[in-house]
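Asker: Starting off with a structure, shown below.
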Amino acid sequence: MSDNRQDVVEKAQTSPIEQERIVIFDTTMRDGEQSPGASMSLEEKLEIATVLEEMGVDVIEAGFAIASKGDFEAITEVSKVIKNSVICSLARSGFKDIDRANEALVHARRKRIHTFIATSPLHMRHKLQMDPDDVHQAVADSVSRARNYCDDVEWSPEDGTRTNRDFLCRTVETAIKCGARTINIPDTVGYTMPDEFTALIKMLRDRVPNIDKATLSVHCHNDLGMAVANSLAAVKAGARQIECTINGLGERAGNAAMEEIVMALRTRNDLLPYETNIRTENIMKASRLVSAVTGFVVQPNKAVVGANAFAHEAGIHQDGMLKHSGTYEIMTPESVGLSKSTLVMGKHSGRHAFKTKLSELGYNLGDNALNDAFGRFKDLADKKKEVFDEDLIALVDDAVARRNERIRVTKLHLTCGIGVRPSAKLELEIDGERNSATADGDGPVDAVFRCIGKLFPHQAGLQLFQIQAVTEGTDAQADVIVRLEENGRSVNGHGADTDTMVASARAYVNALNKLLVKREKTAPAALSA
């Protein structure tokens with residue numbers, strides 16, 4: 001199948017109401033990264049962007065160019081490697097923001113500048129401290145500035161769903177007049193209900209005289225759990241672009257989840273007769289990659305990509321599934337990239353079987369990464385009789401989390417028990433140099449973390465320590481999440497191992513490595529849209 005993403009975007013922009021294909025705009029690397037603790041390195045962003053393009057994502061919002069040097073570099077480098085998807089940078093209404101976005105997109109084969117300004121009375125009064133006329137002028141000036149740099153300009157009225165309707169129509173009309181080809185309506189604080197969103201989109205179509213010259217888009221937050229429902233309601237009312245993220249990642253309660261939107265459109269095509277360019281078989285691969293990179297574990301009961309999404313335990317459900325899968329499954333596991341393979345992995349499994357199994361699970365590793373993962377698999381198989389899919393996922397995700405780290409755990413020895421003061425001896429490799437330390441603690445985890453504090457002094461506070469078993473049984477791997485906070489910056493660290501204390505040490509160190517990256521980032525005020 002030929003790649004027709006640009007045709008899709010351009011056709012939707014030319015005739016947004018008649019066109020029945022929905023443009024998928026992914027903002028995982030921009031809005032998603034604004035989640036506390038979800039910082040991504042340049043290498044990770046490039047990997048995510050490549051997977052998004054393979055999925056068929058139409059527009060990739062790669063970052064906020066003026067936010068930091070890291071964001072600027074990410075947009076620049078993503079622009080160099082992505083050939084088919086449109087690459088977008090966010091920008092506030094100031095000319096410096098827009099100029100910086102254009103500079104970051106200089107290598108993009110297809111580029112978009114997405115500029116915004118708040119339009120609700122609450123935001124204008126308290127955040128911008130601007131009157132409506134000044135905001136209206138800023139809309140005209142910013143869109144015109146962006147239009148001088150590229151044909152593909154998107155404009156968003158931040159907090160649009162709480163904006164006065166007359167003023168919203170006025171600003172939308174002006175943005176289109178000045179050259180915006182996409183008008184995005186954000187539900188910035190996730191306040192709106194589906195019926196209200198339907199009415200809002202219909203109102204814009206009825207009242208804005210030049211609305212036919214732009215694509216209507218939606219960007220919904222999930223504060224009340226309505227992001228996906230609101231997005232689909234907007235589509236039924238005439239919107240033809242949806243802004244979303246993998247796993248629903250995003251500020252506060254997150255954004256509309258791409259996987260839920262795409263599978264809803266595919267599964268309920270009878271009520272939602274629209275198509276996307278997304279190759280749904282890549283959904284699990286993208287979900288697992290984003291989870292591994294950010295350290296945000298997908299909840300088991302999460303729609304489409306959760307561990308329980310295709311699991312059946314109740315007897316009546318199992319009986320129905322054995323007779324006909326359609327009794328309790330409205331979509332097939334294969335449609336989102338899962339496999340029903342019964343290939344059992346153990347210590348006698350070979351490299352080819354291991355590579356095949358990883359491919360079925362959505363992982364395609366390079367030779368070096370595959371060799372490393374296979375070695376760790378063999379070590380794990382020596383400890384466990386049977387290695388389950390969940391074990392392999394945890395193993396590979398842990399390797400991804402620890403890639404390119406400045407600090408690494410190399411040795412750990414613990415003493416603990418009844419009547420014994422818990423103590424730890426830990427060796428870390430920091431920038432290639434190995435040092436060790438010993439410490440006592442209230443428990444073995446406390447002792448390990450005190451050792452880390454001695455070897456790498458820091459002021460970060462521990463906000464979360466969470467352990468869960470990857471599979472059942474006493475030989476199960478422990479999957480540990482550690483959240484650290486430093487000067488308002490929050491990061492999640494991830495670690496997995498059959499030894500819970502080793503997993504804990506790796507998770508803490510992974511969080512420290514992410515803090516080192518986070519320290520280099522300085523975000524501007526008002527990053528929302």
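Asker: Could you check region 478-499 and list, in sequence order, the residues that are in a loop (DSSP other than H, G, I, E, B) and closer than 30 Å to Arg252 by Cα?
Answerer: Within region 478-499, Asn487, Gly488 meet the criteria.
Asker: Checking Asn277 against (1) at pLDDT below 80; (2) farther than 23 Å from Met226 by Cα, which test does it fail?
Answerer: (1)
Asker: Since Val502 meets every condition but one in (1) part of a strand (DSSP E or B); (2) closer than 17 Å to Lys383 by Cα; (3) of a type in the set (A, V, I, L, M), which condition does it not meet?
Answerer: Looking at each condition in turn, Val502 falls short on (1).
Asker: Can I ask one more? Can you name every residue in region 39-55 that is β-branched (Val, Ile, Thr) and either under 12 Å from the mean Cα position of the chain (by Cα) or more than 9 Å from Ile82 (Cβ to Cβ) (or both)?
Answerer: Residues satisfying the conditions are Ile48, Val51.
Asker: Working only within region 406-421, note down all residues that are more than 15 Å from Asp499 (Cβ to Cβ) and touching a strand residue (DSSP E or B) at 6+ places or on another chain (Cβ under 9 Å).
Answerer: Arg406, Ile407, Arg408, Arg421, listed by residue number.
Asker: Whether any residue in region 426-445 is within 32 Å of the chain's Cα centre (by Cα), surrounded by 12 or more Cβ atoms within 10 Å (Cβ to Cβ) and within 30 Å of Gln299 (Cα to Cα) is what I want to check.
Answerer: Checking region 426-445: at least one residue is within 32 Å of the chain's Cα centre (by Cα), surrounded by 12 or more Cβ atoms within 10 Å (Cβ to Cβ) and within 30 Å of Gln299 (Cα to Cα).
Asker: Residues of region 146-170 being under 30 Å from the mean Cα position of the chain (by Cα), crowded, with 17+ Cβ neighbours inside 10 Å and of a type outside the set (A, V, I, L, M, F, W, C), which ones?
Answerer: Correct list: Arg147, Tyr149, Asp152, Glu154, Ser156, Pro157, Glu158, Asp159, Gly160, Thr161, Arg162, Thr163.
Asker: What residue, of Glu61, Glu77, Glu53, is in a strand (DSSP E or B) and either modelled with pLDDT of 95 or more or crowded, with 24+ Cβ neighbours inside 10 Å (or both)?
Answerer: Glu61
Asker: Can you tell me how many residues in region 235-269 are among the hydroxyl-bearing types (Ser, Thr, Tyr) and more than 18 Å from Cys88 (Cα to Cα)?
Answerer: Qualifying residue count, region 235-269: 1.
Asker: For region 265-284, how many residues are assigned to a loop (DSSP other than H, G, I, E, B) and either in contact (Cβ under 8 Å) with a residue 40 or more places away in the chain or within 20 Å of Glu53 (Cα to Cα) (or both)?
Answerer: Number of matching residues: 7.
Asker: Give just the number: which of (1) touching a residue at least 40 places away in the same chain (Cβ under 8 Å); (2) hydrophobic (A, V, I, L, M, F, W, C); (3) in a loop (DSSP other than H, G, I, E, B); (4) out of contact with any Asp or Glu (no Cβ under 9 Å at 6 or more places or on another chain) does Val262 not satisfy?
Answerer: (3)
Asker: Of the residues in region 11-50, how many are part of a helix (DSSP H, G or I), modelled with pLDDT of 95 or more, farther than 22 Å from Ala511 by Cα and hydrophobic (A, V, I, L, M, F, W, C)?
Answerer: Selection size over region 11-50: 1.
Asker: Tally up the residues in region 176-207 that are surrounded by 22 or more Cβ atoms within 10 Å (Cβ to Cβ) and in a loop (DSSP other than H, G, I, E, B), please.
Answerer: Of the residues in region 176-207, 5 are surrounded by 22 or more Cβ atoms within 10 Å (Cβ to Cβ) and in a loop (DSSP other than H, G, I, E, B).
For every residue, the table says whether it meets (1) within 28 Å of Asn513 (Cα to Cα); (2) at pLDDT 95 or above; (3) crowded, with 24+ Cβ neighbours inside 10 Å.
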residue	(1), (2), (3)
Met258	no, yes, yes
Val262	no, yes, yes
Leu271	no, no, no
Arg288	yes, no, no
Asn301	no, no, no
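Asker: So, one more: Can you tell me which residue within region 261-286, out of those that are out of contact with any Gly (no Cβ under 8 Å at 6 or more places or on another chain) and polar (S, T, N, Q), is nearest to Gly248 (Cα to Cα)?
Answerer: Thr267
Asker: I need a count of the residues in region 225-245 that are in contact with a Gly (Cβ under 7 Å, 6 or more places away or on another chain) and within 21 Å of Ala286 (Cα to Cα).
Answerer: Residues flagged as in contact with a Gly (Cβ under 7 Å, 6 or more places away or on another chain) and within 21 Å of Ala286 (Cα to Cα) within region 225-245 amount to 2.
Asker: Tell me, please, whether a residue that is under 21 Å from Arg112 (Cα atoms) and touching a Cys at 6+ places or on another chain (Cβ under 8 Å) can be found in region 166-186.
Answerer: yes
Asker: Which numbered condition in (1) under 20 Å from the mean Cα position of the chain (by Cα); (2) at pLDDT 90 or above; (3) part of a loop (DSSP other than H, G, I, E, B) is the only one that Leu90 fails?
Answerer: (3)
Asker: So which residues in region 465-480 are at pLDDT below 90 and either under 20 Å from Glu405 (Cβ atoms) or among the aliphatic types (A, V, I, L, M) (or both)?
Answerer: Hits for region 465-480 are Ala469, Val470, Ala476, Gln477, Ala478, Asp479.
Asker: Ok, one more. Taking the conditions exactly as written (touching a residue at least 24 places away in the same chain (Cβ under 8 Å), of a type outside the set (D, E, K, R) and farther than 18 Å from Ala214 by Cα), does Gly190 satisfy them or not?
Answerer: It is true that Gly190 is touching a residue at least 24 places away in the same chain (Cβ under 8 Å), of a type outside the set (D, E, K, R) and farther than 18 Å from Ala214 by Cα.
Asker: Suppose we keep only residues that are of a type in the set (Gly, Ala, Ser) and crowded, with 24+ Cβ neighbours inside 10 Å within region 471-502. Which one would you say is farthest from Gly295 (Cα to Cα)?
Answerer: So the residue we want is Ala496.
Asker: I'm checking my understanding of the structure. Among residues of region 303-331 that are exposed (fewer than 14 other Cβ atoms within 10 Å of the Cβ) and under 19 Å from Glu472 (Cβ atoms), which one is modelled with the lowest pLDDT?
Answerer: For region 303-331, the residue satisfying everything is Glu313.
Asker: I've got another one for you. How about region 349-375: which of its residues are part of a loop (DSSP other than H, G, I, E, B), under 27 Å from the mean Cα position of the chain (by Cα) and surrounded by fewer than 17 Cβ atoms within 10 Å (Cβ to Cβ)?
Answerer: Residues satisfying the conditions are Asn364, Gly366.
The values are calculated or read from the model by the stated rules, or taken from the named source; none is laboratory data. Keep in mind the model is a prediction, meaning the values are calculated, not measured. Cβ coordinates were reconstructed from backbone atoms using ideal geometry, including for glycine residues, and neighbour counts include every protein chain displayed.
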